[in-house]
1. Could you grab me the full set of residues in the stretch 252-269 that are modelled with pLDDT of 85 or more and open to solvent by less than 40 Å² (accessible area, probe 1.4 Å)?
2. Give me the pairs, please: first residue somewhere in the stretch 146-160 and on the phi < 0 side of the Ramachandran plot and among the hydrophobic types (A, V, I, L, M, F, W, C), second residue anywhere and open to solvent by 30 Å² or more (accessible area, probe 1.4 Å) and not in a loop (DSSP other than H, G, I, E, B), beta-carbon distance under 6 Å, and either six or more positions apart or on two chains.
3. Look through 165, 200 and report the one residue that is open to solvent by 30 Å² or more (accessible area, probe 1.4 Å), among the charged types (D, E, K, R) and under 25 Å from residue 94 (Cβ atoms).
4. Give 273, 223 a once-over and let me know the one that is surrounded by fewer than 18 Cβ atoms within 10 Å (Cβ to Cβ) and among the polar types (S, T, N, Q).
5. Could you list, in sequence order, all residues of the stretch 290-320 that are out of contact with any Asp or Glu (no Cβ under 9 Å at 6 or more places or on another chain), crowded, with 23+ Cβ neighbours inside 10 Å and in a loop (DSSP other than H, G, I, E, B)?
6. Can you find a residue in the stretch 368-388 that is under 30 Å from residue 95 (Cβ atoms) and open to solvent by 30 Å² or more (accessible area, probe 1.4 Å)?
7. If residue 463 meets every condition in (1) among the polar types (S, T, N, Q); (2) over 29 Å from the mean Cα position of the chain (by Cα); (3) open to solvent by 10 Å² or more (accessible area, probe 1.4 Å) apart from one, which number is that one?
Amino acid sequence: MKKLKSLFVLLFFLSISCIKQVSPPPALLPVPSEQQLVWHGMEQYAFVHFTTNTFTGKEWGYGDENPEVFNPSGMNTNQWVQCFKEAGFKGVMLTCKHHDGFCLWPSEYTDHSVKNSKWKNGKGDVVKDVSESCKKYGLKFGIYLSPWDRNRADYGSPSYVKYYRKQLKELFNSYGPVFEMWFDLANGGDGYYGGAKEKRNIKIPEYYDWSTTIDLVRGMEPNIVFFSDFGPDIRWCGNEHGYVGDPNWCMINRDSIYYGTLSNAKLHEYRHNGIEYGKEWMPAEVDVSIRPGWFYHASEDSQIKTPAQLFEIYLNSVGRGANLILNIPPDRRGLVHENDIKSLQGWKKLIDDAFAYNLALNSKVKADSYRGKSRQFAASNLNDGNKETYWATDDGVLKGRIEFDLGNPQIVKYIVLQEYIRLGQRVRRFNIEAWKDNSWQEVVRGTTIGYKRIVRLEQQVSTQKLRVNIEDSRACPVVSNIEIF
């Protein structure tokens, strides 16, 4: 008996040693940093525009506003953040200072702040309140600090840049952790400027010396990502209407944007679509407001985007591999308005209903080929619920066919695709077919996938089998997840 047992053990280890070791696909550069991967996973978060504009009715304050006008009557940041969490957001980005220069925290370096407002007799701190509410409800906190300051007399001179960096130190040393820093590049133009009331023009890259500022912030917050028109981590999508381009590549050539060597049309294309052969990983963020304006105006209470409109925005942003930052501005009470809440709740229900049950989880899946015929890269990885496993083909094989058998005819409306972007973005083109009338019939086709692609069928289909065909890829396709709803 002992000899037989020893023989089994020997055969087991021999069988293991005979298994062909198949190496994973080499990374297709550029690839996302760990911080960018975490950012991708957030998918959507709230933007909060709140300052003296809320009380003056302006969108861009001139910089001469009396701080006393800032006086919310029923301020409750817990109400904001609870509302955002229930809507499905993973974080909150706060306009700590907008272009008017008014600071939502009691900054040591200016009198143009909440410390000279009537709110809480000048003892309040909006930034602290929002940061603590985020911690309470488990959301991440982000900081928007406008580089343009229409209040400061020294805007345009080197001393202002020093002032700006001192404020960054105040914020990051007092209110962290911070997941994202938002640099709004609306810069220069007319303003109060300490009473000068004039127009000032600056050269953005040279004046701000962004690399020094970014290094300063990253030294305080190593895991942060930076958003601006030219990154360095996250790029603007090129519009404020709630969509990113199709195709949407996560790559870009940053120098082309930073140094202004592109025409306006080409610059828009770069922001809108990215660049297939870009040198840096710089995915798009879609910024849009739930209202016509970015700040609260009572006249817009009946002009809130509907749940259906927000759902379209979701599909055209998150559903195209970008992140969505949706602005919900508090009203003069310091609360998220009831109409905004109602729309957000309806939007969340649409998302929950559309993606309630993943038909792919319990289905049979196979592929026409997989890397080295190793189970490590088999099609079964596509519906195992583990985003760290993936299906891949052999090097040089740029196409692939994946078939799902749902067991019984099912109504299908949406398909979610995700690449394993740790190894780069690869897929250029795909189509999806449904088994109908004893034949495969194409129901939709698409371009890029990236972190996430949500495909909506023009008409829902009843089918037992679906087939995803990768038509072309920059290198062997590497897909981590497919869901069917």
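The values are calculated or read from the model by the stated rules, or taken from the named source; none is laboratory data. Just so you know, these numbers come straight off a predicted model, no measurement behind them. Neighbour counts are summed over all protein chains in view; Cβ atoms, including those assigned to glycine, are modelled from backbone coordinates with ideal geometry. To get the accessible areas, we keep the full protein, side chains included, count just its heavy atoms, and leave off ligands, DNA and RNA. Shrake-Rupley method; radii C 1.70, N 1.55, O 1.52, S 1.80 Å.
1. Residues satisfying the conditions are 252, 253.
2. 153/194
3. Being open to solvent by 30 Å² or more (accessible area, probe 1.4 Å), among the charged types (D, E, K, R) and under 25 Å from residue 94 (Cβ atoms) holds for just one of 165, 200, which is 165.
4. Values: 273 fails: surrounded by fewer than 18 Cβ atoms within 10 Å (Cβ to Cβ).
Exactly one of 273, 223 is surrounded by fewer than 18 Cβ atoms within 10 Å (Cβ to Cβ) and among the polar types (S, T, N, Q), namely 223.
5. None; the set is empty.
6. no
7. That leaves (3) as the condition not met.
Residues are listed down the side, and each one gets a yes or a no for (1) open to solvent by 20 Å² or more (accessible area, probe 1.4 Å); (2) more than 30 Å from residue 391 (Cα to Cα):
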{"position": "32", "(1), (2)": "no, no"}
{"position": "40", "(1), (2)": "no, no"}
{"position": "54", "(1), (2)": "no, yes"}
{"position": "64", "(1), (2)": "yes, yes"}
{"position": "69", "(1), (2)": "yes, yes"}
{"position": "83", "(1), (2)": "no, yes"}
{"position": "124", "(1), (2)": "no, yes"}
{"position": "132", "(1), (2)": "yes, yes"}
